[in-house]
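The values are calculated or read from the model by the stated rules, or taken from the named source; none is laboratory data. Keep in mind that what you see is a predicted model, and the values were worked out from it rather than measured. All Cβ positions, even for glycine, are placed from backbone atoms using ideal geometry, and neighbour counts span all protein chains on display. Surface accessibility is based on the protein's heavy atoms, side chains included, excluding ligands, DNA and RNA. Shrake-Rupley method; radii C 1.70, N 1.55, O 1.52, S 1.80 Å.
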Amino acid sequence: MKPSILTSLLLAAGLACSATAFAGTTLVQDVRVFDGMSAHEHRSVLVRDGVIADADYRGQVPAGARVVEGRGRTLLPGLIDAHVHTWRYFALPLVFGVTTQVDMFTGVPVMQRIGKAMAEGRNQGEADVFSAGTLVTAPGGHGTEYPVPIPTLEKGGDAQAFVDARIAEGSHFIKIVMEDGFGDHHFNSLDIATVKAVIDAAHKRGKLAVVHISTLDNARAALEAGADGLAHLFVGAKIAPQEADSLARLAQAKGAFVVPTFSVLESIAGVTPRDLLDDPQVAGLLDIEERGTLQTGYGPVPRPAILAAPKMVTAAMRRAGVPVLAGTDAGNAGTQYGASLHHEMAALVDAGLSPREALVAATSAPAKAFRLGKRGRIAAGYKADLLLVEGNPLQDIAATRRIVEVWKDGESTAPVRDAQRRHVAQENSARSGQPLALPADGRISLLKDGKLASPFGTGWIPSTDKFAGGVSTVKLAAQAAQEGGASIAIDAQVKPGFAYPWAGAAFMPGAQPLLGADLSAARVIRFRVRGDGHKYMLTLASSGMAIPRSVPFDADAEWREVAIPFSAFAGVDPATVTMIGFNAGPQPGDYRFEIADVRLADR
Ligand SMILES: [Zn+2]
């Protein structure tokens, strides 16, 4: 629900972003084929030049073809996650056979970068993404809680102009928010007249309009207003069967689809996806941070009872013949790109879908609902995005996790999966489990041969939102500080472009960039600062945190000392600190400040 924003500063080092080319001919022999709709035993599928040449090939092995043994295995279309927020781990979905993601709100530059790469046919190392770009919400509405301005739509505002602007940016469809709040968070919501105006405006331009809802009333209102689909169902301990049936009949009558998003509803309900975390075939391919995000959901206490309503509504939708799509809301706490879709399919089965229907929900149904072209099926002329698994997911949906190989556009993505496996293995072996012995003076900003250095860890790096698609820039300059060690001058240009823009300097205390260091011997971070009078942020992250924590400090013309205890960073585990950042942002602008004598102290 909450598209949570930025976290670590670097992409997983091992996640190479381009697969080696294998755009030749591949024959998967004697395999069970789930073609997106139904299963066929003992088929052979021929792939040539990135597309499926023959879904029931009976000829001889073509000269030069790579032959893949299919006996005992099932070949499926590459999976499609119908609800994500794409802002990092762009290759990770491929590791888990998810070759396409439908994005419900991300930064426009991220959407445009991926859209361009897809158009130019050089997106083989990442999942394809079809994005709504910026969502449509009211001033003060859900989606505006991040400190980056997004355009909003006033009550009675010009819906057509707003929608036209999104389409001009590259939005594939329009995502609308009806949300009064969750937890103790209140939001302004678009009123139903404005929602209807946006839906009509989208339809006028031939675009789909999907509505985020979190209550039964809003679900009904959105459908009445002509929504093409519901993003999310709503949690609740109970719902009258006739209400569930009536909502399903309404969706059916309107020709709408639903994306229940059990993965994030469970996160809200405090239910941890143990099936994924306990499965070495899944958790063994996630690094500490990626596992941490999956493990730490939104709900502080387990309330599984509130999943009763979405389960009952999903069952009612199925009975009414409403297309139910598998979408996870990955990008949020309690979910993970790629991995969570396997859990989502199992959750749909738990809610009453057959395994076949759950597979349809993750392949042909989202391709059709979101008009994604020739994907989501195994049929001649379709895109050769494929997933080969051991066993039969039509009997046991969990078999989708027993991945043999994944292809995108006819090319094997095995290099991406292998790189991830190596990265995770390396990380596991590098984990020490010992608190780090701090230097006697605690100083971590040093000058060595005129360059910025540190007594341990990966060291200091310029840190900006660029890795996530932002455009902020920074320059660091180090010189000897009066009191010893280094003084770091930070020249930052913070620019709009990413949802949470920042630029600054970061110290990476781990032996490798994403690895946590045990800094529990320290209690306080001390440093001296001067600057241009702006407020700055000291930002900390520990392994697995979805959102780093920041504490502001002032930087005036005169040097002064700042001391901030680790305890001020709620949720940061001092035993697994991955980053200590000194950042400008998120307000766009030019910034200049200097820090010196950065120390980890015990008081
Ligand atoms: Zn979402």
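Here are some notes:
- Residue list for segment 98-135, filter: within 14 Å of the ligand (Cβ to nearest atom) and among the hydroxyl-bearing types (Ser, Thr, Tyr): Thr106, Ser131, Thr134
- Test: Leu325 is within 16 Å of the ligand (Cβ to nearest atom), touching a helix residue (DSSP H, G or I) at 6+ places or on another chain (Cβ under 7 Å) and modelled with pLDDT of 95 or more: yes
- Subset of segment 295-308 that is among the hydrophobic types (A, V, I, L, M, F, W, C) and open to solvent by 20 Å² or more (accessible area, probe 1.4 Å) - its residue that is modelled with the lowest pLDDT: Val301
- Restricted to segment 267-294, and to residues there that are within 16 Å of the ligand (Cβ to nearest atom) and β-branched (Val, Ile, Thr), the residue that is surrounded by the most Cβ atoms within 10 Å (Cβ to Cβ) is Thr293.
- Among the strands (runs of 3 or more DSSP E) confined to segment 391-486, the ones with at least 1 residues that are on the phi > 0 side of the Ramachandran plot are located at 459-464.
- Of all residues in segment 479-506, those being surrounded by fewer than 22 Cβ atoms within 10 Å (Cβ to Cβ), out of contact with any Asp or Glu (no Cβ under 9 Å at 6 or more places or on another chain) and over 30 Å from Gly133 (Cβ atoms) number 2.
- Filtering segment 277-300 to residues that are part of a loop (DSSP other than H, G, I, E, B), over 17 Å from the mean Cα position of the chain (by Cα) and under 20 Å from Asp329 (Cα atoms) leaves Gly299, Pro300.
- Residues that are within 16 Å of the ligand (Cβ to nearest atom) and not in a loop (DSSP other than H, G, I, E, B) within segment 64-97 comprise Ile80, Asp81, Ala82, His83, Val84, Pro93, listed in sequence order.
- Against the list (1) in a loop (DSSP other than H, G, I, E, B); (2) closer than 22 Å to Thr314 by Cα; (3) within 16 Å of the ligand (Cβ to nearest atom), the condition Val264 fails is (1).
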